[in-house]
1. Restricting attention to region 48-59, which residues are more than 14 Å from residue 16 (Cβ to Cβ) and in a helix (DSSP H, G or I)?
2. Taking the stated definitions as given, is residue 168 farther than 23 Å from residue 92 by Cα and of a type outside the set (D, E, K, R)?
3. Got a number for residues in region 80-129 being in contact with an Asp or Glu (Cβ under 7 Å, 6 or more places away or on another chain) and within 30 Å of residue 66 (Cβ to Cβ)?
4. Tell me, yes or no, whether region 164-185 has at least one residue that is buried (at least 17 other Cβ atoms within 10 Å of the Cβ), at pLDDT 90 or above and within 22 Å of residue 226 (Cβ to Cβ).
5. Look through 6, 49, 16 and report the one residue that is farther than 23 Å from residue 86 by Cα and β-branched (Val, Ile, Thr).
6. Quick one: what pairs do we get from region 96-116, first residue closer than 10 Å to residue 84 by Cβ and outside the structural domain of residue 1 (by TED's automatic domain parsing), second of a type in the set (Gly, Ala, Ser) and in a helix (DSSP H, G or I), C-beta under 7 Å, 6+ apart or different chains?
Amino acid sequence: MHSLPIFLRLQGRPVIMLGDDEAAEAKRRLLERAGAEIVGEEAEAALAIVALADPDLAVARLKARGILVNAVDRPDLCDFTLPAIVERDPVLVAIGTGGASAGLAAALRQRLETLLSPKLGDLAILLRDAREQLRQAFPDPMERRLAIASALGFGGALDLDEPRLDDPFWLDSLHVKPEREIHLVRLRSADPDDLTIREARLLGQADRVYFRPDVPAAVLERARADAPRIACDAPPWPSARGLSVDLSMGEE
């Protein structure tokens, strides 16, 4: 990854803002929505946004103080970028292109706006409020995660497309998938874009990924970030519960 996506809590924290044109005002509004305290260049802060016609000197001064800088329309000077945002409070979806094209990020945001349910925020609040009930119903963290994943999946009680938020018995409908489940994925090429939708979904849901030495790293990167990657020379017979995916090149 060219950047690490993170969400910063800026409520009440100072952020340096330089510039007063339209681009600066857009960034200022975004900072105010996040609750940041907007300050001038001489103030103590960890972040700065520079929206100047000639930002080089200001950026150099700020970086010399150890401040992380975003220079509007100058990705070569940026320590961080501000993504396009889809908001379903408290859910935030951020889209970044590494500064390559703000227009592309905006187009992706517009597409996601039409795809994501307006109920996502209410769904997040429902799950937050039910956290203790979920812990009691599924004391084992693995079982709890699998049960929630099943509920959020296609046709589940909390299906992301149309969650049944008014169903008072949704928690009773949660269940754990079989203790052990393994899917074999035979790659047709080294290009991760050649994965089918089903294969990409399995990688995104897998609790662990087994792979042969010739499986390319680009494909492994499509798996969940927290899923262990386990190198092996033969098809595995996992004893651990949850979903396992076995990756290899071609036929075996």
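The values are calculated or read from the model by the stated rules, or taken from the named source; none is laboratory data. Remember, predicted model here, so these are calculated numbers, not experimental data. Backbone-built Cβ (ideal geometry, glycine too); neighbour counts: all protein chains shown.
1. Correct list: 56, 57.
2. Taking the combined requirement at face value, the residue satisfies it.
3. Filtering region 80-129 down to residues in contact with an Asp or Glu (Cβ under 7 Å, 6 or more places away or on another chain) leaves 86, 117, 121.
Cutting the leftovers down to within 30 Å of residue 66 (Cβ to Cβ) gives us none.
Looking only at that region, the number is 0.
4. yes
5. Going through 6, 49, 16 in turn, just one is farther than 23 Å from residue 86 by Cα and β-branched (Val, Ile, Thr): 16.
6. From residues that are closer than 10 Å to residue 84 by Cβ and outside the structural domain of residue 1 (by TED's automatic domain parsing), the pairs are 96/105; 97/105.
Yes or no, residue by residue, for (1) acidic (Asp, Glu); (2) closer than 29 Å to residue 217 by Cβ; (3) touching a strand residue (DSSP E or B) at 6+ places or on another chain (Cβ under 6 Å):
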{"site": "16", "(1), (2), (3)": "no, no, yes"}
{"site": "29", "(1), (2), (3)": "no, no, no"}
{"site": "45", "(1), (2), (3)": "no, no, yes"}
{"site": "49", "(1), (2), (3)": "no, no, yes"}
{"site": "53", "(1), (2), (3)": "no, no, no"}
{"site": "72", "(1), (2), (3)": "no, no, no"}
{"site": "86", "(1), (2), (3)": "no, no, yes"}
{"site": "108", "(1), (2), (3)": "no, yes, yes"}
